[in-house]
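The values are calculated or read from the model by the stated rules, or taken from the named source; none is laboratory data. As the structure is a prediction and not an experimental result, all values here were calculated from the model. Here the Cβ positions follow ideal geometry from the backbone for every residue, glycine too, while neighbour counts run over all protein chains shown.
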């Protein structure tokens, strides 16, 4: 028998150890299976968590994109509102600048009035001092005279009395004259308004509004192909010969001639009408008809000048000057025919001159010739007032007429009453209802185009067109533009405006360069 079996203690111990071993083995097997399940569960939980995290991430991204789009739309709306407010602020600023310019002009006039009043006051004080001294001297003389009268005869006393009465009568006459002058000054303004109103009522000519295009009716649409010609050679020849643009579109029975030069446009209209009526349209015929139409327009121009002079009663005018006057028939200013405007100014000036007992024919001559500078070509530099004065000086016109032409836009100092008459008559003819017009859309486009020409230059921050487009102020960056380059920039902008835009008179280009330095003191 084995000693382990015979010994119960050993047997028990062995059984315990064996049970522990079997239990541990079973525990190990169970724990290992449990660990595999836990690992699989953990992997499943991690996988589910990742899928859920990806889904949450995608949802967050979608939500973030939506919020970004919403913020972008809100930002764009806010920027549009800011731009709108800025445009409104710019318009208010322009209006304020115009108001400030007007106020500045008013202040300047008041300053001149105050200076004149001060000079008059100083003169009055000097005269008062001189009169006081004269009075003291007369008192002394009278005192001496009283001593002398005591020894006078009757005839001598009578002579002294008559001289005193004469002095008193002269003084009363002077007081009466001053009173009449004061009363005349009070009624002068009312009388002048009455004269102006009467002149306007007697001279109310109709205004002629012309555009930059004219339309020509066609007998049929087949003629359009003949006007264009093979591969467009006829229309190119016509445009080259006349200097106008021919617009042939889908509008039935019409073609359009476009040009800023109304003289060329009129010659082109006559030539096109004759070509259409004749039916022979080819380059050689186009040049022949165009030359004849140009001569016809020249003849009409000369006749218009002679007719205007005859209508005004002014016969002694050189033929060359009459031809220039006739060219005004094809010029317009804000829709008003320049020749009719000149005739109207001459009539108004003549009527007012008649009321003031001035030379009526001289006033009419000044009015008829005041815009003669507009008849000159664009090759001449300077304003039409200065050009007209130079032309009148070349034809040896009266200095009064030359000054009236040069001063009618206050570019020179008026030296006679006739210059003031022309200024007033020109303003009356241009400002009366229905005389001139310019649509708001064209006006705004012209100002916007003027600002765009300046803004596209490097270093320009802002540009403002003021004085109804007669001046543009360009704000530049002090870091990018130097003083020398600012002077060059003003010349470049001026040359570009001359090249790109059509405008009456002159446009002043002002470049403003300002540097500001700021530091905070803590």
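Structure values in brief
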read-out	value
Residue within region 393-404 that is over 19 Å from residue 427 (Cβ atoms) and touching a residue at least 60 places away in the same chain (Cβ under 8 Å) present	yes
Region 465-522, subset in a loop (DSSP other than H, G, I, E, B) and within 16 Å of the chain's Cα centre (by Cα), residue modelled with the highest pLDDT	507
Residue check, residue 312 out of contact with any helix residue (DSSP H, G or I) (no Cβ under 7 Å at 6 or more places or on another chain), crowded, with 20+ Cβ neighbours inside 10 Å and assigned by TED's automatic domain parsing to the domain that holds residue 232	no
Residue match in region 99-117 (condition: touching a helix residue (DSSP H, G or I) at 6+ places or on another chain (Cβ under 8 Å) and surrounded by 10 or more Cβ atoms within 10 Å (Cβ to Cβ))	yes
Test for residue 294: is it more than 20 Å from residue 384 (Cβ to Cβ), part of a helix (DSSP H, G or I) and touching a helix residue (DSSP H, G or I) at 6+ places or on another chain (Cβ under 6 Å)	yes
Qualifying residue in region 282-298 (condition: surrounded by fewer than 20 Cβ atoms within 10 Å (Cβ to Cβ) and under 33 Å from the mean Cα position of the chain (by Cα))	no
